[in-house]
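Read through the structure below, which is laid out as structure tokens, and then see the notes.
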Amino acid sequence: ALDKILVVDDEPLVRRSLEDILKARKLQVVSAATLAAAEAHLGKDTFDLIMLDVRLPDGDGQRFLEQVMALPTHPPVAMMTGHGSIESAVDCMRAGAFDYMTKPFDRAQIDLLLRKAENYAQL
């Protein structure tokens with residue numbers, strides 16, 4: 001079951017709306033505005049799902065995705081982008097992302113993502 005989710009996005013509005021949606025689902029949410037903050041959280045905690053922005057002020061979300069995938073046990077990672085391209089989506093899926101979402105998204109899309117993540121975790 002999903003319990004703790006790491007949200008990595010540099011836009012405060014996106015972080016806040018995701019926090020609200022996820023907390024309403026009784027999930028614990030840790031959020032980070034930068035890759036450095038995300039790495040720090042990942043170093044001291046475990047997560048059931050990571051929602052990761054493709055573009056961050058201090059680097060490329062895909063690079064962080066690759067770091068996460070290199071861990072001995074890793075949570076599913078869903079990539080989020082405001083500037084979706086097929087190429088970027090394919091690159092992220094190849095690198096190990098289990099989902100790729102284009103902003104803005106609504107509650108229904110988040111619920112679908114959470115169901116997918118739960119199924120993914122059971123595999």
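The values are calculated or read from the model by the stated rules, or taken from the named source; none is laboratory data. From a predicted model like this one, the values you see are computed outputs, not experimental measurements. Reconstructed Cβ throughout: ideal geometry from the backbone, glycine too, with neighbour counts over all protein chains shown. Each accessible area value is taken on the protein alone, full model and side chains, heavy atoms only, with ligands, DNA and RNA left out. Shrake-Rupley method; radii C 1.70, N 1.55, O 1.52, S 1.80 Å.
See the values below:
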item: Arg107 touching a helix residue (DSSP H, G or I) at 6+ places or on another chain (Cβ under 6 Å) and either at pLDDT below 95 or open to solvent by 50 Å² or more (accessible area, probe 1.4 Å) (or both); result: yes
item: So Val90, is it β-branched (Val, Ile, Thr) and under 22 Å from Val14 (Cα atoms); result: no
item: Subset of segment 1-41 (residues that are open to solvent by 40 Å² or more (accessible area, probe 1.4 Å) and either touching a Cys at 6+ places or on another chain (Cβ under 9 Å) or in a loop (DSSP other than H, G, I, E, B) (or both)); result: Ala1, Asp3, Asp10, Glu11, Arg25, Lys26, Thr34
item: Where Leu71 falls short, out of the listed (1) outside any helix (DSSP H, G or I); (2) surrounded by 12 or more Cβ atoms within 10 Å (Cβ to Cβ); result: (2)
item: Set Arg63, Arg55: member being closer than 15 Å to Arg15 by Cβ and basic (Lys, Arg); result: Arg55
item: Checking Leu65 against (1) in a helix (DSSP H, G or I); (2) open to solvent by less than 40 Å² (accessible area, probe 1.4 Å); (3) at pLDDT below 95, the condition it does not meet; result: (3)
